[in-house]
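Asks: Can you keep this structure in mind? I'll have questions shortly.
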Amino acid sequence: MKKTFAINIVLLLGLNLFVKAIYLLGIDRQFQLVLGTTDYGLYYKLLNFTLLFQFINDFGIQNYTNRYVSQNRANIENNFNQLIGLKIILSFLYTICIVLIILVFDYEKIQIALILHLVFNQILISAVFFIRSVISGLGYYKTDSFFSILDRVLLIVFGALILWYPELKQYLSIQGFVWIQTVSIGCCLVLALCFLLFKGIRINWPTFHFMQLKPIIKACIPFSLIFLFSTIYNKLDVLLIGKWLENGDEQAGIYAASMRIFEASSMVSLAFGSLLLAMFSVLYKDEEKLTELLKMALNLLFAFTIALVMSSCFYAKEIMNLLYNQNNNYWEFIFCLVMLSFLPASLNYIFGALFQAIHKERQLFLFYMLAGIISFILNVYLIKSLQLIGVAYVTVITHSFLFGIQIIYLQQKQIIHLKSIFWLKMIFLMLMAYCVSSLLKSNIDDWRIGMSLSLVGILFLAILLKMIDLRDFIRLKSEVQSF
């Protein structure tokens, strides 16, 4: 049967949302509840520390490869083994950088062991993303969808065994949690490599010739800078929380709890953006079709995002009580702010994919750099006065700024043409979503029924406004495949 974009979207949104929600809200959350907010906060802080330097490990190769393979499918093997060689070098440099920082800041032995293990996991994750970028670039979108959830499926299985199988209780620790991540990601990497071999992609001994790698490195620099500054404005706040706030590990744990639904939902947006990067790369010379695909993608993701955000904010207290047995205004307010920031953050994944596909990495890097600077300055100013609430405010401001400046640039440069009616529909849906959620919250006592009706009702409104129409995706995907 002929592939269609509609099928790919159902796979991406449906499977990613289902599997990754089970992992984050089930397994990951349960580890935090069992091990305690403080211990989990330490893990979350150290994890974000390793992510802060992940730009060295990734160096933009994932996005470069996705775009390069999409536009040069017949010549993939020319650069593939060189890219593998570059990945090995970057992973080594990433590890050395982390080790040097550990030595300078004199971490405790138990923290050093955990950091180094997390570094190894980040190397495995980066390798999986690299192989997936090749798979997606070759047009195997459904296979990429499968590998995007495989590691989480394995984590659910292994995590459930440790949490609820009595004979494995001895491994119930942060170290055990990190180990099951290692095994799951490793299995995913091996299977992804086997898929490429099955499809006839020859994987030879990696090459390390600098003159051959030089043009690739040069092309990847904008991607790496984008990765760096996106990490700064997304992850630096957790490190500042741990360093500057009293009971920093506990506060980091509270922030991690508030971010959990954000991160679960972001995985869907990220997977959506990765798929669109390959498709935007094919259409980047056709302005009309590029704009059409962008409009449909924004409409679809906005509809799902606003439904989630409104429902989460109106039922924040009930969600926090259900997930963490916390029934206080502090947790509730932080969660609301974090979920409000998800509205622009979710759509930013689409714009990030578009800018990279149309070779506007320099502009995207500048926008991310500004966002990183704004985030750092505001966090320095607000953390000490408003503490964790200040961090949440900064998250909303930073993501909203990035969303706005990207739209302004695209419209002013006439790269895309989104008419006023497009934005008015979004604003109208947002207002109606607020009214629907407010009405249901006031009139339905059972919050589970009210929240479910809120989600369904908002999506139904989006369909009535013709913001969700899979027939357009089916038609456009057929045209993309003909390129």
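The values are calculated or read from the model by the stated rules, or taken from the named source; none is laboratory data. Quick caveat, the model's predicted, so the values are computed rather than measured. Backbone-built Cβ (ideal geometry, glycine too); neighbour counts: all protein chains shown.
Asks: I need the full set of residues from segment 90-143 which are crowded, with 18+ Cβ neighbours inside 10 Å and free of Cβ contacts under 8 Å to residues at least 40 places away in the same chain, in order please.
Replies: Residues satisfying the conditions are L90, S91, T95.
Asks: A further question follows. Going by the structure shown, is I56 within 20 Å of D249 (Cα to Cα) and either at pLDDT below 90 or touching a helix residue (DSSP H, G or I) at 6+ places or on another chain (Cβ under 6 Å) (or both)?
Replies: So I56 fails the test.
Asks: Here's a follow-up. Can we say Y284 is more than 20 Å from L429 (Cβ to Cβ), modelled with pLDDT under 85 and hydroxyl-bearing (S, T, Y)?
Replies: yes
Asks: For L100, only one of the following conditions fails: (1) more than 21 Å from F59 (Cα to Cα); (2) assigned to a helix (DSSP H, G or I). What is its number?
Replies: Condition not satisfied by L100: (1).
Asks: For segment 219-251, which positions are aliphatic (A, V, I, L, M), assigned to a helix (DSSP H, G or I) and over 15 Å from the mean Cα position of the chain (by Cα)?
Replies: A219, I221, L225, L236, V238, L239, L240, I241, listed by residue number.
Asks: Now, a different point. Could you tell me which residue of segment 379-398 is farthest from K218 (Cα to Cα), considering only residues that are aliphatic (A, V, I, L, M) and crowded, with 20+ Cβ neighbours inside 10 Å?
Replies: Across segment 379-398, the extreme among qualifying residues is L388.
Asks: Going through segment 23-53 one residue at a time, which ones are touching a helix residue (DSSP H, G or I) at 6+ places or on another chain (Cβ under 6 Å) and among the β-branched types (V, I, T)?
Replies: Selection gives I27, T37, T38, T50.
Asks: Let me confirm something: among I449, I458, which residue is modelled with pLDDT of 85 or more and farther than 30 Å from E292 by Cα?
Replies: Of I449, I458, the one residue that is modelled with pLDDT of 85 or more and farther than 30 Å from E292 by Cα is I449.
Asks: Against the definition (of a type in the set (F, W, Y) and closer than 25 Å to L270 by Cβ), how does F223 come out, yes or no?
Replies: In short, yes.
Asks: Restricting the search to segment 321-344, which residues are over 15 Å from Y393 (Cβ atoms) and surrounded by 23 or more Cβ atoms within 10 Å (Cβ to Cβ)?
Replies: none
Asks: Here's something else I'd like to know. Consider segment 165-202. How many of its residues are out of contact with any Phe, Trp or Tyr (no Cβ under 8 Å at 6 or more places or on another chain), under 29 Å from I112 (Cα atoms), in a helix (DSSP H, G or I) and not β-branched (V, I, T)?
Replies: Qualifying residue count, segment 165-202: 10.
Asks: Looking at L294, L298, L290, which is the one that is at pLDDT 90 or above and aliphatic (A, V, I, L, M)?
Replies: Answer to the check: L298.
Asks: Can I ask one more? Scanning for something surrounded by 20 or more Cβ atoms within 10 Å (Cβ to Cβ), closer than 22 Å to F333 by Cβ and either out of contact with any Cys (no Cβ under 8 Å at 6 or more places or on another chain) or not aliphatic (A, V, I, L, M) (or both), does segment 273-285 turn up at least one residue?
Replies: Taking every residue of segment 273-285 in turn, none turns out to be surrounded by 20 or more Cβ atoms within 10 Å (Cβ to Cβ), closer than 22 Å to F333 by Cβ and either out of contact with any Cys (no Cβ under 8 Å at 6 or more places or on another chain) or not aliphatic (A, V, I, L, M) (or both).
Asks: Something else now. For segment 230-263, which positions are hydrophobic (A, V, I, L, M, F, W, C) and under 14 Å from N48 (Cα atoms)?
Replies: I232, L236, V238, L239, L240, I241, A252, A256, M259, listed by residue number.
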